[in-house]
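> One structure, as structure tokens, below. Some questions next.
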Amino acid sequence: MRRVLRARRTECASGDSHSTHSRHALEVQSGVRAGRRLWRRFTPHYTPVHGSWLNQAEVEISLLSHQCAGTRRIPTLDKLRCETQAWQKWANRQQLRIRWRFTVPKARAKFHYQPADFTRPKD
């Protein structure tokens, strides 16, 4: 990670509330001074738990499970691959979308986010 960060001036990081995505985690891994220096180069963009890419993946897997497999038991891995590929082609042709109810304005109100409150760190 340190090697990658040397090449760039500022990194944008999309994260969540896990303890591994914090300044402290960098300090533990790289030492206090180096960890703080690395952390200053990040511009964190925390995603709400209910709107993250992981939730989208979970919704997709759930749709696959219910719409493709349903209550059937698929006997072989080859048959499962064939069935999931057919479902994926169908879903892509239908251009199915997830309709999120948690919009950007609602997120800003919930988390008291004001764009002017965040500034890039000076090197």
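> For segment 30-45, name all the residues that are open to solvent by 40 Å² or more (accessible area, probe 1.4 Å) and either touching a Cys at 6+ places or on another chain (Cβ under 8 Å) or touching a residue at least 24 places away in the same chain (Cβ under 8 Å) (or both).
40, 41, 44, 45
> Here is a further query. Please work out if residue 115 is exposed (fewer than 10 other Cβ atoms within 10 Å of the Cβ) and at pLDDT 80 or above.
Taking the combined requirement at face value, the residue does not satisfy it.
> Please enumerate the residues belonging to segment 80-103 that are modelled with pLDDT of 85 or more and surrounded by 11 or more Cβ atoms within 10 Å (Cβ to Cβ).
Passing the criteria: 80, 81, 82, 83, 84, 85, 86, 87, 88, 90, 91.
The values are calculated or read from the model by the stated rules, or taken from the named source; none is laboratory data. Being a predicted model, the structure only gives us computed values, none of them experimental. As a convention, Cβ positions derive from the backbone with ideal geometry for all residues, glycine included, and neighbour counts pool all protein chains shown. Surface areas here come from the heavy atoms of the whole protein model, side chains and all, with no ligands, DNA or RNA. Shrake-Rupley method; radii C 1.70, N 1.55, O 1.52, S 1.80 Å.
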